[in-house]
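Read through the structure below, which is laid out as C-alpha cells, and then see the notes.
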Amino acid sequence: MSTFTPQFEASGSLAAYLANGFYQVAYVVPDVDAAVELYTKTLGAGTFMVLREAPVQNQTYRGESSEVTQNIAFGYAGNLAIEIIQPLSGPSTYTELLDERPQGGLHHVGVWVEDFDEAKTAIEAAGYPMVQYGEFAESTHFAYFDTTSVLGSYLEIFNWDEPTQQMFQAIREGTF
C-alpha cells in the first residue's frame, strides 16, 4: 500500500506555509455516532473509522496536564480529512466548545507540518498560544492554537508517524 503525505513547499509566509499543509476540518459534537451518520448518509462523506476512548497520551490543556477522554471519528470527503470529536471526560477545548454551543460545531482546521517544533514556535511567535497538546500512536504530535479571534476556530498542527500515516491512507481508501 502506498502512503499519503500532504505535499507542500515552505515559503517565507507563515500563512502560506500553513495553507499549503491544510488537510483537515474538525467538529466537536455531543454524539459521535449521530454525527457520523449525518456525514455519511446525509452529506455523502466516505466511511469513518471511530476510535472509542481514543488513546491520546501526554495531553495538556491550557498549560496543565490533563486527563481527557474522547471518542474520535476520522473520515474523508474527497481529499479533505474530517475529524469528529465527542468529549467524554476531562477539561479540554472540546468541552469548552460544547459548553458554549451544546449542539457542537467547528472546532479546528488541521494543518500537517513537516517540522512540528518549528511550526509551533512560529505560530506562538505570531501571538497565538498553544491551548491543547497530545500525542497519538508512536510519535504523532498535535497541538491546538487559539486562533479563534481571526479564524473563528482553533488551528491544529500535527506531524504523524508511519503507522498513523498508514491509518489515514487506509481511511481515505476505505480499506481499514
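The values are calculated or read from the model by the stated rules, or taken from the named source; none is laboratory data. In this text, all values refer to a predicted model and were calculated from it rather than measured experimentally. FYI the Cβ positions are ideal-geometry reconstructions off the backbone, even for glycines, and counts take in every protein chain you see.
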Filter pass, Gln132 being surrounded by fewer than 17 Cβ atoms within 10 Å (Cβ to Cβ), over 17 Å from Ala15 (Cα atoms) and of a type outside the set (Asp, Glu): no
All positions within region 71-106 that are touching a Leu at 6+ places or on another chain (Cβ under 8 Å) and crowded, with 17+ Cβ neighbours inside 10 Å: Asn71, Ile72, Ala73, Phe74, Pro87, Gly104
Odd one out for Tyr76, checked against (1) in contact with a helix residue (DSSP H, G or I) (Cβ under 9 Å, 6 or more places away or on another chain); (2) modelled with pLDDT of 95 or more; (3) assigned to a strand (DSSP E or B): (2)
Filter result for the condition that a residue is at pLDDT 95 or above, more than 12 Å from Ala26 (Cα to Cα) and more than 17 Å from the chain's Cα centre (by Cα), over Glu37, Glu53: Glu37
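Yes/no per residue for (1) over 11 Å from the mean Cα position of the chain (by Cα); (2) without any contact (Cβ under 8 Å) to a residue 24 or more places away in the chain; (3) surrounded by 13 or more Cβ atoms within 10 Å (Cβ to Cβ):
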{"site": "His108", "(1), (2), (3)": "no, no, yes"}
{"site": "Lys120", "(1), (2), (3)": "yes, no, yes"}
{"site": "Asp146", "(1), (2), (3)": "yes, yes, yes"}
{"site": "Leu151", "(1), (2), (3)": "yes, no, yes"}
{"site": "Tyr154", "(1), (2), (3)": "no, no, yes"}
